[in-house]
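Engineer: Input: one structure, supplied below.
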Amino acid sequence: MSILDKEKKFEVESLNALFEHATEGIIFSDKSGKIIKANPSAERLFGYSKGELLGRIIEDLIPMRYKEKHVGHRDAFNKNPHARSMGKNIDLFARKKDNSEFPVEISLSYYTQEDEKYAIAFVIDITERKKHHESIQKLNQDLEKKVDERTKVLHEALLELENSKEQLSLALEAQKELNDMKSRFVTMASHEFRTPLSTILSSISL
């Protein structure tokens, strides 16, 4: 076997190994949407046995409510095929053999063979990622709720402190007035008592 033949064989075997052992689902389909090849990960992902996906149409893997609309998307892709990620800023779901649904992330590409274009879909199950994301969102919501509650408590405490400060000022003002009244009373009493006492002292002296 020549070096060129060895390289070609290695290339074919490597591509086949990548296809067979990839952890993400890989599905090939023709322009009519018929599945012509699917790797083991794709079969496991959608709950099908080995070779059971072949000959089915892509829409069999789409939730029923989106099935009709997807045909239009497929036709549009066939008219202008290009590599792209699907579902940017929206949630995508796929349908298993038992009709249960699961969230997915899909990337599309294509290749041409003998003037025929074929679509390649790379599918990833993001159920765990979504659960993790939802957990983080819930934690953030709980944290925001606690912050709001603490802020409310702090605001009420500040209002209470302001009221206490105002009441203390009023009490000090009242105390000051009372002390002033005491001072005036003592001064007045002292004056009133001083005059008769002076008279008495003068009489005693005489």
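Engineer: Enumerate the residues in the range 43-57 having an amide nitrogen under 11 Å from the point lying 7 Å beyond the Cα of residue 127 toward its Cβ.
Structural biologist: The answer is 45-47.
Engineer: Also, I was wondering about something else. With θ taken as phi - 60° and the coefficients 6.51, -1.76 and 1.60, list the Karplus ³J(HN,Hα) couplings across the range 98-115 in order, rounded to whole Hz; mark glycine and proline as x.
Structural biologist: Listing the rounded values in order: 7, 6, 6, 10, 8, x, 9, 10, 10, 10, 10, 8, 7, 8, 10, 9, 6, 6 Hz.
Engineer: Something else about it: If you look at just the Cα atoms of the chain, how large are its Rg and its Dmax in Å?
Structural biologist: 44.1, 156
Engineer: Lysine pairs in the range 1-126 with Cα distance under 15 Å, only those 8 or more apart or on different chains: how many are there?
Structural biologist: For the range 1-126, the number of qualifying lysine pairs is 11.
Engineer: Computing the accessible area with a 1.4 Å probe over protein heavy atoms, can you report the carbon and sulfur percentage for the chain?
Structural biologist: Details: 9220 of 16100 Å².
Exposed carbon and sulfur together represent 57 percent of the surface.
Engineer: Also: What is the helix-to-structure angle for 64-79, meaning the angle in degrees between its Cα long axis and the longest Cα principal axis of the chain, kept from 0 to 90 and rounded to the nearest 10?
Structural biologist: Here the helix axis deviates by roughly 60 degrees.
Engineer: Under 22 Å Cα to Cα from residue 152, which lysines show up? Leave out anything in the same chain fewer than 8 places away.
Structural biologist: Partners within reach: 138, 165.
Engineer: Send over a whole-number figure in Å² for the accessible area per residue of the chain, probe 1.4 Å.
Structural biologist: 78 Å²
Engineer: Just to confirm my numbers, what's the Cα centroid distance between the range 161-183 and the range 73-93 in Å?
Structural biologist: The range 161-183 and the range 73-93 have Cα centres separated by 76 Å.
Engineer: Once the Cβ-Cβ distance between residue 114 and residue 93 is put in as r, and R0 is 30 Å, what FRET efficiency do you end up with, to the nearest 0.05? If you can, show how the numbers build up before the last one.
Structural biologist: Details: r = 34 Å, r/R0 = 1.14.
After rounding to 0.05, the efficiency reads 0.30.
The values are calculated or read from the model by the stated rules, or taken from the named source; none is laboratory data. Since the model is a prediction, treat every value here as computed from it, not as a measurement. All Cβ positions, even for glycine, are placed from backbone atoms using ideal geometry, and neighbour counts span all protein chains on display. With ligands, DNA and RNA removed, areas are computed over all heavy atoms of the protein, side chains included. Shrake-Rupley method; radii C 1.70, N 1.55, O 1.52, S 1.80 Å.
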